[in-house]
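**Q** Attaching a single structure in structure tokens format; questions to follow.
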Amino acid sequence: MTARAALAVGLVALAGAVSAHVVAPEAILADLNSAETRATQGVVRAERSPHNARLLVVRVGPGWYALSAASRQALARQWLADWRRSVQAGIVAVLDARRDTPVVQFRPGGVIGRVSGPP
């Protein structure tokens with residue numbers, strides 16, 4: 001095996017190991033509730049629903065609305081992807097913290113249909 005082929009095999013193995021890495025739900029919650037995430041992403045608080053363990057509820061405030069619509073969509077997409085890797089059949093709700101109303105509409109398959117602006 002050439003050095004180039006060995007390197008390619010090693011990179012494929014590494015990529016598989018990285019993609020197989022699953023972050024615990026508690027770590028996702030800790031990150032979402034961190035001071036840095038609160039400041040940069042506008043998260044007020046995040047919690048696992050006490051009624052449905054598959055459901056991650058992220059409440060957002062003014063900092064969320066200060067982000068561009070594209071940024072809010074990318075964050076919501078990432079939160080769902082992370083949660084689904086961590087929790088089988090995981091689902092995410094992004095709610096306005098003051099009104100407790102949805103600000104991201106997820107369609108089947110995790111497609112984001114709409115990201116609302118400030119209420």
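**Q** Based on what the data block shows, is Ala74 under 24 Å from Gly109 (Cα atoms) and assigned to a helix (DSSP H, G or I)?
**A** Details: under 24 Å from Gly109 (Cα atoms): yes; assigned to a helix (DSSP H, G or I): yes.
Yes.
**Q** Can you tell me which condition Ala39 does not meet? The list is (1) buried (at least 17 other Cβ atoms within 10 Å of the Cβ); (2) assigned to a helix (DSSP H, G or I); (3) more than 12 Å from the chain's Cα centre (by Cα), and all the others hold.
**A** Every listed condition holds for Ala39 apart from (1).
**Q** Could you give every pair whose Cβ atoms fall below 9 Å, whose first residue belongs to the stretch 26-41 and is among the small types (Gly, Ala, Ser), and whose second residue is crowded, with 17+ Cβ neighbours inside 10 Å, counting only separations of at least 6 or pairs across chains?
**A** Taking only residues 6 or more apart or on different chains, the pairs are Ala27/Ser86; Ser34/Val43.
**Q** Considering only the stretch 77-103, state which residues are β-branched (Val, Ile, Thr), free of Cβ contacts under 8 Å to residues at least 60 places away in the same chain and outside any strand (DSSP E or B). Spell out how you get there, then give the answer.
**A** Here is the first cut: in the stretch 77-103, the residues β-branched (Val, Ile, Thr) are 87, 91-92, 94, 101, 103.
Within this subset, residues satisfying the condition of being free of Cβ contacts under 8 Å to residues at least 60 places away in the same chain are 91-92, 94, 101, 103.
Matches in the stretch 77-103: Thr101, Val103.
The numbers here are math on the coordinates, done by the rules we state, and not lab data. Every value quoted in this text rests on a predicted model; they were computed, and no experiment measured them. Because the Cβ atoms are built from the backbone with ideal geometry, glycine has one as well, and the counts that use them run over all protein chains shown.
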